[in-house]
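Report on the following structure.
Derivation of every value follows stated rules applied to the coordinates shown; laboratory data play no part. Since the model is a prediction, treat every value here as computed from it, not as a measurement. When we count neighbours, we look across all protein chains shown, and the Cβ atoms used for this are built from the backbone with ideal geometry, even at glycine.
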Amino acid sequence: MNNKTVTIGVESGLASARERFGQAMRGVPQSNRINFAQASDLTRMLTANRVQLLETMAGRDAMSVRAIADLVKRDVKAVHTDLSAMLGCGLLERTDEGLRFPFDRIHVDFYISSQEPAAA
């Protein structure tokens, strides 16, 4: 296992995107990253069942939906629905052999703060 890590986070602001761009320009290594616009989008995507699927698929070769469903002992249709959602947001890859999670580890990174505007 090569410990290829994906960071899943929340990044909706231009300032944080500029920060990461600046780091990249200075040669700071950038990890693989998947961003959601809001924390609620991230938590809606990473349900307990979907996290279980990612944990099961991490570090493995591509598999069919049925093989994945068998591993997690869940209904094929429900697993298909979860896999389709994660494929749509870039967490999974489709190959000729099936679906795969191209990472060994997941790092989740986000802040929760007040939605109220800062006082002037």
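Some points to look at:
- Number of residues in the range 29-61 that are under 13 Å from Leu91 (Cα atoms), in contact with a Ser or Thr (Cβ under 9 Å, 6 or more places away or on another chain) and not charged (D, E, K, R): the value is 4.
- Criterion violated by His80 - all others in (1) closer than 20 Å to Phe36 by Cα; (2) within 17 Å of the chain's Cα centre (by Cα); (3) without any contact (Cβ under 8 Å) to a residue 60 or more places away in the chain satisfied: (1)
- Among the residues making up the range 42-51, those that are of a type outside the set (Ser, Thr, Tyr) and surrounded by fewer than 16 Cβ atoms within 10 Å (Cβ to Cβ) are Arg44, Ala48, Asn49, Val51.
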